[in-house]
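Here is the structure we will look at.
The values are calculated or read from the model by the stated rules, or taken from the named source; none is laboratory data. Keep in mind that what you see is a predicted model, and the values were worked out from it rather than measured. Ideal geometry is used to build each Cβ from the backbone, glycine not excepted, and the neighbour counts take in all protein chains shown. Protein only, heavy atoms only, side chains kept; ligands, DNA and RNA dropped before computing areas. Shrake-Rupley method; radii C 1.70, N 1.55, O 1.52, S 1.80 Å.
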Amino acid sequence: MAIAMSYVVLARKWRPMRFEDLVGQDHVARTLGNAIAAGRVAHAFLFTGVRGVGKTTSARILAKALNCIGEPGSPSAGPTVTPCLKCSACREITAGTDVDVREIDGASYNGVDEVRKLQDSLPYRPARDRFKIFIVDEVHMLSQSAWNAFLKTLEEPPPHVKFIFATTEVHKVPVTILSRVQRFDFKLIPTQLIAERLRYVLGEERIESDSRAVSILAREASGSMRDAMSLLDQVIAWGGSNLSGEDVARVLGVASHQVLHDMASALVTGEAARCLEITGQLANQGYDMPHVARDLLLLLRDIVVAKVCADPGDLLDLADEERRDVQALAVRSQTDDLVRLHQGFSQGFDDVIKSPQPRAALEMLLVRLARRPPLVPIDDLLGRLSALERRLSAPARAPAAARPPPAAPKSELVTPEFPERRARPESVRLELVPPPLPAPVVAAPPSAPAPSGGAPRSPAVAGAPAPQPVPPPAAAVPRTPLPERVVSEFRAILDRVREARPELAAFLEHAAPLELSPEQIMLAWEPKSMFATQASDKESLAVLGRAAQAHFGQTPRITCEFDSERARTLQTLAMLDTAARDQKTRAAIQNARQHPRIADAVEILGARLKDVKLAEG
């Protein structure tokens, strides 16, 4: 029976052996290479970054560069930037069997006792190599006691000892350790560099592949070269010696670039049915819907970048074919619309991820965005404004009183008067509304009697609903008006109160002054008044007393009458202000409707009066 040889995965088989082989970490390779060439190698290093970007690999390369003794039979040249890879030290470090280069797992070697055992071995010289090197992976797993035991040793180790730490969570490493090491941050590897490395490996392995297959693998690696190699191993096991983009997408359960581009194109052009069709095809083929949503969100971001930047450069980390497709889609779209699409999709992305029915959530999100209302063309608005300007510059129209005022919509909100000219003009807001659908014309029966009495009604706007009769207001309780002296003096006192406590002055405006003199102030509150308790406590009355003393020149006696029936028959300052405000509001409504410019805006722009606000004071 033949024994099958063990298979070495591509991530291990094609692991970089020298600094020049590192992909996407040029800053690390150059710094370490210059330090070795100048003889300025530190005693401790910290390599940090996400998984699969070359931290442990760089640690092994550094160990080989420091301990390389040259090819057999040749004299040692000391530490070198380019290890020979043939001497016993290089071969054993690569295989992980060098007794002077120890690779330690921080997760299982995290106690203070293990650190003390390591410290006991530091004074002894290396068995063969130039340096005794300790590579500690996932060093953030060490306990606090272990870190404390490391401090002195890490600051002043023996000259023949080097430490290389690697971690994916540098924020868990104590600051006292960070100050004793040289830190190198490993970056995510760009998609293009991963794609180039995959093409090289596929060529060496004699495996045929198309550009879409390589692009999908590089995109799904998310900046990790080890992830890219692991995915490549997986698709080779399925597709054999010939890889296509469709096969790779099916094996990994991700959508190809072409499918995502078709979906984005349908979304931009507002084809909701096409979006549902593509989503249904992906779901039937077993694709992961949250994964599809994530890739589509990234594609929408790339389209916005291509639209905004004339030369995106490195901002678009895409293959040449994908870059051309993205730029072509961006050219025929509007920037504001693309930004609106990305914002809307990003807000609904979490719903897709968290939904127990991700397909339905994604479908409804796509339909909602595809059916978004179109943006109003700026040329259309400018044309309407130009027409309004020409209308206003024409000869003066007939007097407003000669023509009936336009009917106001039922939902309009207006506040005080709108005169032609005044020192402090009001704020007027118009709302553009689509033209109403034509109302069916119904002929009145000949026998219908004409309305008798009253002024003739204004002509109704075509298609507008008939005005509904307004019920008469409920009969109000007659109130006795306050004398002008009481009103003026009470307002003067409340103005002083307002300087100290504005809210108290507002509460006191709802009190009826039964008596107001330098000797006595008597306030009455209606039954169940919510302002009585707010304004009648000891501190509030003290504030009112100080204000009255400042006004009258002496301190009056202040009494309050609660649940008073007399308060029902007297006016309050709040009632007076409300009545004045209502009167000005009614006048403002009439003036705003009859204003010639407002009437022109309503007629030409198809707008309606949304809001009219008087200036304060």
Exposure rank, largest accessible area first [HIS27, HIS291; 1.4 Å]: HIS27, HIS291
Which whole-number value in Å³ per residue fits the convex hull of the alpha carbons of segment 272-342? 104
Of all trypsin sites (Lys or Arg not before Pro) in segment 146-253, which ones are in loop regions per DSSP and have a Cβ with at most 16 other Cβ atoms within 10 Å? LYS187, ARG206
To the nearest 10 square angstrom, how much accessible area does TRP238 have with a 1.4 angstrom probe? 140
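Under a Cβ-Cβ cut-off of 14 Å, what is the net charge of the residues other than LYS538 that fall near it, where Lys and Arg count +1 and Asp and Glu count -1?
On the way: positive: ARG501, ARG546; negative: ASP537, GLU539.
Taking every other residue near LYS538 into account, the sum is 0.
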Can you tell me the FRET efficiency between LEU388 and ASN34 if r is taken as the Cβ-Cβ distance and R0 is 56 Å, rounded to the nearest 0.05? 0.20
Largest to smallest accessible area among ARG546, ARG479, ARG501 [probe 1.4 Å]: ARG546, ARG479, ARG501
Output wanted: per-residue J couplings in Hz (rounded whole) for segment 196-206, from phi through Karplus 6.51 cos²θ - 1.76 cosθ + 1.60, θ = phi - 60°, x for Gly and Pro. 5, 5, 5, 4, 5, 5, 5, x, 5, 8, 6
Rounded if a/c is under 1.5, else prolate if a/b is larger than b/c, else oblate: which is segment 231-321, with a ≥ b ≥ c the root eigenvalues of its Cα gyration tensor? oblate
Relative contact order (percent) for segment 161-290, with alpha-carbon contacts under 8 angstrom and 6 or more residues of separation? 19
Take every DSSP beta bridge whose two residues both sit in segment 480-617, then give the antiparallel share in percent to the nearest 5. 40
Can you sort ASP98, ASP247 by solvent-accessible area, 1.4 Å probe, largest first? ASP247, ASP98
Segment 132-263 - convex hull of the alpha-carbon atoms, volume per residue in Å³: 158
Under a 1.4 Å probe, counting only protein heavy atoms, ASP495 has an accessible area in Å², nearest 10, of 80
In whole angstrom, how far apart do the alpha carbon centroids of segment 90-157 and segment 318-374 sit? 50
Computed P(r) (all Cα pairs; segment 1-153; 5 Å bins; percent): 2, 8, 16, 19, 20, 16, 11, 5, 2, 1, 0, 0
Inter-part distance where segment 183-251 and segment 273-290 are each reduced to a Cα centre, Å: 24
Lysines with Cα under 17 Å of LYS86, excluding same-chain neighbours fewer than 8 positions away: LYS13, LYS64
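Relative contact order, percent, of segment 256-386 when contacts are C-alpha pairs under 8 Å separated by at least 6 residues?
About 37 percent, as a whole number.
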So how do 326-333, 351-358, 64-71 stack up, highest first, on mean other-Cβ count within 10 Å? 64-71, 326-333, 351-358
